[in-house]
Protein chains: 2
Amino acid sequence: MRDVFQQELHEVQERLVEIAELVEVSIENAVTAFTKSDVGVAEDVIENDVRIDELTLALDELAINILALQQPVARDLRIVVSALRISSSLERMGDMAEHIAQLARYRFPERAVPKGLKSTFAEMGRLDVEIARSLTRLLRTQDIALANQIRDEDDKVDELHASVFDKLLSERWKGEATATVDATLASRYHERFADHAVSIAKKVQYLATGDWAGADDVHA
Amino acid sequence: MRDVFQQELHEVQERLVEIAELVEVSIENAVTAFTKSDVGVAEDVIENDVRIDELTLALDELAINILALQQPVARDLRIVVSALRISSSLERMGDMAEHIAQLARYRFPERAVPKGLKSTFAEMGRLDVEIARSLTRLLRTQDIALANQIRDEDDKVDELHASVFDKLLSERWKGEATATVDATLASRYHERFADHAVSIAKKVQYLATGDWAGADDVHA
């Protein structure tokens, strides 16, 4: 019975990694679609999100079956409950990537990235991709150093997010309303993407350290 | 043993209603703060959110303890897992209310609601408050008619959300960048608030009908 349970927990972990890998592909493509106005790649992100949603639903069902059939307690129970929450955050990360890709689609053949903010969004996109890669590695290896790395990268994303608003609200900003709307939404999506990764990293960290309160911080 | 369990489930339900009531107060105050530029009320929302977060954390701990100690199966298990998800959505609704209130704070003593969008935001705010009230009643009574009502109200919020962008992106929009940024963010927060309510309504509906797949729809 315990062997079956350990095997099932391993299956949960593998599936989380699989979803995280798809999220990684989504954000890479979303950043390309957004920064290069590539509509084909934007379509890939939208298709990929359907798959992410399916896998999330299947993983949730697996986790609930484990709860019902194995009735785990203590740390094992926390692992399964955390898996439910991690899958939910991964699913939202996929949504954020999709939203970024959709901005490219809406503006095509115009560029979605507003003038004067190209380097900022290039850097935000690079950080989000880096965060997604660190997250997949964290879920695969449980190497807690990666959790701290994700937190540091998120701090940089937050700074860039604030700098976007500083620019939009400065006297010197001459962008049209379309550019202002796109920059506002794109910046928010990039920032939320990183937030969800931090939220997941905290949960993985908790599982390693037993510090549940920190992992459950709703202001991830 | 079963009696204790039923009592605990009842406790979970009562606590969800309690959190939903606080979210209702938050969105009422957030809408007032935003539409009337009332900074005092905005502060109330921010304080109230700390309480919502604490209650959410406590409810999650209760739900996890129930899973560990009562080891529920079948429908009982679904109820507890759903409670974890509902509390997470309620917590996000509180965050959206807080974000709306913060827009009022940032712009004070200026008005946060951009000219030309006053009636749109008044209506979105009214609908979000209505949705929050319906949601509290739904969680209290499990009256499924309220779930459909929330869905209808959300459809109206979505239409208004789309109309905000139509206006911002039209030739006639003469607002400054600050107004454009505020309208974009405020509209998004109002729309997400309603989305989370629909997501909760689907879960309650599932519990009444057993249609898990629909309740777990990640695109609530």
Cα-based equivalent ellipsoid of the stretch B:1-103: semi-axis lengths in Å, sorted from largest, via gyration tensor:
33, 10, 10
So the angle from the long Cα axis of helix A:177-209 to the longest Cα principal axis of chain A, reported in degrees to the nearest 10, equals 20 degrees
Burial ordering of A:Thr56, B:Thr209, fewest other beta-carbon atoms within 10 Å first:
B:Thr209, A:Thr56
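As a quick test, which of the pairs A:Lys36/A:Lys167; A:Lys156/B:Lys167; A:Lys156/B:Lys202; B:Lys36/B:Lys156 have an alpha carbon distance above 27 angstrom in this structure?
Flagged as over cut-off: A:Lys156/B:Lys167; A:Lys156/B:Lys202.
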Its Cα gyration tensor gives the stretch B:2-215 an equivalent ellipsoid whose semi-axes in whole Å, largest first, are 35, 18, 12
Sequence-separation-based contact order of the stretch A:1-58, relative, with Cα cut under 8 Å and 6+ spacing, percent:
32 percent
When the Cα centres of the stretch A:1-46 and the stretch A:120-189 are compared, how far apart do they sit, in Å?
19 Å
Hull-based mean projected area of the protein assembly as shown, where the convex hull spans the alpha carbons, in square nanometres:
19.8 nm²
Label geometry 7 Å along the beta-carbon vector: B:Ser163 inter-copy distances in nm
3.9
Percent relative contact order for the stretch A:1-102, counting Cα pairs under 8 Å at least six residues apart, stands at 42 percent
Relative contact order (%) - chain A, alpha-carbon pairs under 8 angstrom, separation at least six:
25 percent
Square roots of five times the Cα gyration tensor eigenvalues for the stretch B:156-203, Å:
26, 11, 4
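Throughout, read-outs are computed from the coordinates displayed, never taken from laboratory work. Note that the coordinates shown come from a computational prediction; the quantities given were computed from them, not determined experimentally. Every residue, glycine as well, gets a Cβ built from its backbone with ideal geometry; the counts of neighbours run over all protein chains shown.
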